[in-house]
Structures are given as structure tokens and as C-alpha cells.
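Engineer: I have a structure I would like to understand better, so I am pasting it below and will then ask my questions one at a time.
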Amino acid sequence: MSEITIMVVDDSPFASKQIKDIVEENGYKVIGYAKSGEEGIRLYDELHPDIVILDIIMPGIDGLETAEILMKKNPKVKIMMLSSLCDSGTLEEIKQIGLKYLVPKPWENDVLLATLELLNRQ
Amino acid sequence: MTGTEICDVFDESFGEVTQKLICVDLQKTTENKKNKMPVLQHGYWELIQTKGYINAQIICHFSEDLFQCIIDTMNGGCTPPKEEIALYLNEYVNIICGHAISKLNNMVKKPSRLSVPSFYRTSEPLHSILDNNQPEFLAYSSKAGKLQVYICCSTENDQKEDAE
């Protein structure tokens, strides 16, 4: 079975490195990083990853807007949002654009992995 | 909700999240309670803002040693490249303030959003914010160094009362 590929869109190298370490130990492959929503959209077109992990608070277009653009390009895109902002209002915004998964920063590794598993089974 | 209540939520988040992210216990101190102006010349500064029901400007001042501890620990134990150090401190502040503002949003059931944090090597650009407001003040010490936090905040209710 081929590896499940992931693209990380987060302006923080801390988050990107931590995610790479944990997911690659667990059978996923990070094939690209982007530091902004704009870069993430360009890179998605090139790489076509199975899953996109997307931070919400970023310079330029934020993660929610980036998710909406990616979903217009590919309605079947699998996106996991990641944010320090995890209140009920943010969850509601995420649901409104058609997404299901928001992992809080700082994350627990088992929560991150369980969420990826759920997303992958979609 | 008062400025002091908002400040208490930020206080909890600074303690809890710092322990989780870098395994450092921040001990709250009462230093400079009367003198709210920044007195430390050396160190590093961050500014992050909230917009919405709570409008706040949060300014953090890190001592050199705490700054080094944060960026090294978050980079797996070694100092990150020069061009990336601001991004590590930005993320530290973003995670703590996001944690606090999420709690506040759930408490008041009204939304506020966070800006992208900004990193400063000197405090000069931030003086006007501190001079034109009466910030709440939090000070911490730890084995890794010192942190001071200035929180200038108001709620939509305060702004309506001011307008009336």
C-alpha cells in the first residue's frame, strides 16, 4: 500500500517540524510545506497530497480562506485544521465551510494521529 | 468582563501552556506593580492583538535567557537559524494567547480573533501603546529567565459605555 501523503501549511517551523516527526514515525509522508495560504494553494496544485494540515492564523490569507479555495479546486480535498484558537465559534466557522476536524495547538500526538486516521478513512 | 478578569485568563494560559511547550514553571511575581513602564532595556519583545468583543494589545518582554530557552527548546534543543528565531517566539506567543482567547470566547460567548504576532528587538516601537493606555501587568520569573506581559484591553461593552 502506498504511503499517505501530507502537505503542511503553517508559518511556524516549530509546528511543521513537530508534525513531520510524529506523522512520519506513523506511516505518513510529508511531501511539502508552505508558510502561507498563498504558497499552500500553489503547492497543492503541484503536489496533490492526500491530506492537507492547515494552520488558521497566518500572514496573508488565513487558513479558513485557504481551505475554502482548496475546496473549490477539489471538493474532495481532505483538510485538518490546526490552531491555538479552538473556541466554539471557530468550530462553528469550520463546520460552516464544510470541514470537520480542528486540532488545538499545542496538540497531543495521539489526538493528531487519531484525527489523521479519521480523515484518511473519509 | 473587566480588564482584571481578562488578565487572569491570560495569566492561567501563560503558566499552563509554557509548562506544556517548554517544561518551564513560570512563577508570578509582584515586581514593578506600581511602575508599569518597561524598565528592562535588554531582551526581546512581541506584540499580538485581539479584535472583536475583546480588543486587546498584548505586549510580552522576554529576558535574553528565557528567549534563548524558548527558541532552543521549541527547536528540539538547538538554536534555530537566525532568520527563523522570530518565528519560534511568534509561535510561542500565538499558542498562549490563542489558548487564552479561546477560553474567553467560550466564557463570554462572543467572538474575538487573534492577529499574527510581531517580533521586536527593541521596545521603542511599543512605547506609544504603553504610554497611551493603562495596561494590566503580569510579571513572571523562572529558572530559565524573566517574562513581563502588558495587556491593554477593552470590551465592546466598555466602548459602548464610552460612546454614551
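Engineer: Based on the Kirkwood radius over alpha-carbon pairs, what is the Stokes-Einstein translational diffusion coefficient of the protein assembly as shown at 25 °C with 0.890 mPa s viscosity, in µm²/s? Working shown, then result.
Structural biologist: Numbers: Rh = 19.8 Å.
Rounded, D is 124 µm²/s.
Engineer: Something else about it: What are the semi-axes of the equivalent ellipsoid for the range A:4-121, taken as the square roots of 5 times the Cα gyration tensor eigenvalues, largest first, in whole Å? Working shown, then result.
Structural biologist: Details: eigenvalues 64, 55, 40 Å².
Its equivalent ellipsoid spans semi-axes of 18, 17, 14 Å.
Engineer: What percent does the relative contact order of the range A:4-121 come to when contacts are Cα pairs within less than 8 Å and at least six residues apart? Spell out each step's value before the answer.
Structural biologist: Numbers: 181 pairs, mean separation 26.2, N = 118.
Across the range A:4-121, relative contact order equals 22 percent.
Engineer: Report the semi-axes of the equivalent ellipsoid for the range B:74-146 in whole Å, largest first, where each axis is √(5λ) for an eigenvalue λ of the Cα gyration tensor. Mind showing how you got there, number by number?
Structural biologist: Details: eigenvalues 119, 72, 40 Å².
So the three semi-axes of the range B:74-146 are 24, 19, 14 Å.
Engineer: Principal axes first, then extents: for the Cα atoms of chain B, list largest minus smallest coordinate on each axis, whole Å, largest first.
Structural biologist: 53, 31, 29
Engineer: Quick one: how many lysine pairs does the range B:3-163 have with C-alpha atoms less than 21 Å apart and a gap of 8 or more or different chains? Give me the count, please.
Structural biologist: Within the range B:3-163, the lysine pair count is 17.
Engineer: Counting heavy atoms of the protein chains only and a 1.4 Å probe, report the per residue accessible area for the range B:5-127 as a whole number of Å². Please report the intermediate quantities before stating the final value.
Structural biologist: On the way: 5480 Å² over 123 residues.
Accessible surface, normalised per residue, equals 45 Å².
Engineer: I would also like to ask the following. Any idea how many Lys pairs in chain A come in under 16 angstrom at the alpha carbon, given 8 or more places apart or on separate chains?
Structural biologist: Within chain A, the lysine pair count is 12.
Engineer: Let me ask something else about it. Could you report the buried accessible area between B and A, both sides summed, computed with a 1.4 Å probe and given in Å² to the nearest 100? Don't skip to the end; give the middle numbers.
Structural biologist: On the way: alone 8610 and 6640 Å², together 13460 Å².
Approximately 1800 Å², summed over both chains.
The values are calculated or read from the model by the stated rules, or taken from the named source; none is laboratory data. In this text the structure is predicted, and so the values were computed from the model without any measurement. Keep in mind that these areas ignore ligands, DNA and RNA; they rest on the heavy atoms of the full protein, side chains included. Shrake-Rupley method; radii C 1.70, N 1.55, O 1.52, S 1.80 Å.
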